[in-house]
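My questions will all concern the structure given below.
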Amino acid sequence: MTSATLTLPKAATVADGFLRSSLYIPELRVKRKSAVLEELAQTLGTATITKDPEGILELLRQRESLGSTGIGKGIAVPHVRSTLVSDRVILLARSQKGVEFEAVDGAPVHLVFLIVAPPIEPDPVYLKLLAEIVHSVRLARVRQKLLDAPTFEAAREVLRVAAAS
Amino acid sequence: MLRDARNPEIATHEESLGFPMGNVKALERTRERLASRIDEQLLKTYERVSRKSPRVVVRVEGGVCQGCRMSLPTSSASRSITPASLENCQNCGRILYRL
């Protein structure tokens, strides 16, 4: 079965409803994958998305053991579903210099979109968010605009426009 | 996670987006390692429920089991859950949790 057979809702978009300013890291403090995952999980804890950031971190590590979510072109989209969260949210993190993420193309990652969601069955919204992010950042100019965005709101607007294109 | 990796629909969708899902064996090994730490009786309950319900552990929201959508008895809905006293839905048998 291909993704085309999945029924994905048109309503939910990344920019509207899932991104939050409290889940925006304009510049990652760390440079390596393991530390990046820690910073992401800690941010979820600080933003009270989860009471158990360590549990989320372990899940992120397990997901990466399945295959790297660094999909190339400077993008990583780690994603997990867990009972440790009650809402679907997306954390956006940037790194101007790039972080080592064992990406499929071996290139440094500059933009990280972390998706966490509760384990709802089925959850077409979760799959749609994954697809929308990949679609939105396929163009180099969108990726550059995200890196250049001076504020969270500006970055959100870039994604809003990219999703609609 | 392992369930998603084994689900052809989800796995194909993810792979079509560029996410490799090849190393399912690694997840299976982790699952085995973690399962060996779980109380035998509890694991049996999990396996039994999983045969009829793909998602065994479900959230309680507003006093309702999110697996079968049945309201839980008031006494059950207000009970706090600890690892030593896991609660099952009296209707569907799923293991319940609250956030």
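The values are calculated or read from the model by the stated rules, or taken from the named source; none is laboratory data. Computed from a predicted model, the values in this text were never measured in an experiment. With ideal geometry, Cβ positions are generated from the backbone for all residues, glycine too; neighbour counts draw on all protein chains shown. These accessible areas exclude ligands, DNA and RNA; they are computed on the full protein's heavy atoms, side chains included. Shrake-Rupley method; radii C 1.70, N 1.55, O 1.52, S 1.80 Å.
Can you pull out the helices (runs of 4 or more DSSP H) entirely within segment B:1-81 that have at least 3 residues that are open to solvent by 60 Å² or more (accessible area, probe 1.4 Å)?
B:8-16, B:24-35, B:40-50
I'm told A:Ala131 meets every condition in (1) open to solvent by 30 Å² or more (accessible area, probe 1.4 Å); (2) within 11 Å of chain B (Cβ to nearest Cβ) except one. Can you identify the failing condition by its number?
(1)
Considering only segment A:97-124, how many residues are facing chain B (nearest Cβ under 9 Å) and open to solvent by less than 40 Å² (accessible area, probe 1.4 Å)?
Selection size over segment A:97-124: 2.
Is one or more of the residues making up segment A:135-155 open to solvent by 20 Å² or more (accessible area, probe 1.4 Å), of a type in the set (Ser, Thr, Tyr) and under 16 Å from the mean Cα position of the chain (by Cα)?
So far as segment A:135-155 goes, no, none of its residues is open to solvent by 20 Å² or more (accessible area, probe 1.4 Å), of a type in the set (Ser, Thr, Tyr) and under 16 Å from the mean Cα position of the chain (by Cα).
For every residue, the table says whether it meets (1) under 24 Å from A:Lys128 (Cβ atoms); (2) over 17 Å from the mean Cα position of the chain (by Cα); (3) away from chain A (no Cβ under 13 Å); (4) basic (Lys, Arg).
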site	(1), (2), (3), (4)
B:Met1	yes, no, no, no
B:Arg6	yes, no, no, yes
B:Gly18	yes, yes, no, no
B:Met21	yes, yes, no, no
B:Arg31	no, no, no, yes
B:Leu42	no, no, yes, no
B:Glu47	no, no, yes, no
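Name the residues in segment B:54-63 that are more than 9 Å from chain A (Cβ to nearest Cβ) and under 16 Å from the mean Cα position of the chain (by Cα), would you?
Of everything in segment B:54-63, those that are more than 9 Å from chain A (Cβ to nearest Cβ) and under 16 Å from the mean Cα position of the chain (by Cα) turn out to be B:Val56, B:Val60.
Among the numbered criteria (1) more than 10 Å from chain B (Cβ to nearest Cβ); (2) at positive phi; (3) at pLDDT 95 or above, which one does A:Gly17 miss?
Among (1) more than 10 Å from chain B (Cβ to nearest Cβ); (2) at positive phi; (3) at pLDDT 95 or above, A:Gly17 violates only (3).
Here is a list: A:Arg94, A:Arg61. Which entry is in contact (Cβ under 8 Å) with a residue 12 or more places away in the chain, out of contact with any Gly (no Cβ under 9 Å at 6 or more places or on another chain) and at the interface with chain B (Cβ under 10 Å from one of its Cβ atoms)?
A:Arg61
I'd like the full set of residues that are open to solvent by 40 Å² or more (accessible area, probe 1.4 Å) and more than 14 Å from every other protein chain (Cβ to nearest Cβ), limited to segment A:34-50.
Result: A:Ser34, A:Glu38, A:Gln42, A:Thr46.
Separate question: Just the residues that are open to solvent by 10 Å² or more (accessible area, probe 1.4 Å) and farther than 20 Å from B:Thr30 by Cβ, please, taken from segment A:51-80.
Those that are open to solvent by 10 Å² or more (accessible area, probe 1.4 Å) and farther than 20 Å from B:Thr30 by Cβ: A:Lys51, A:Ile71, A:Lys73.
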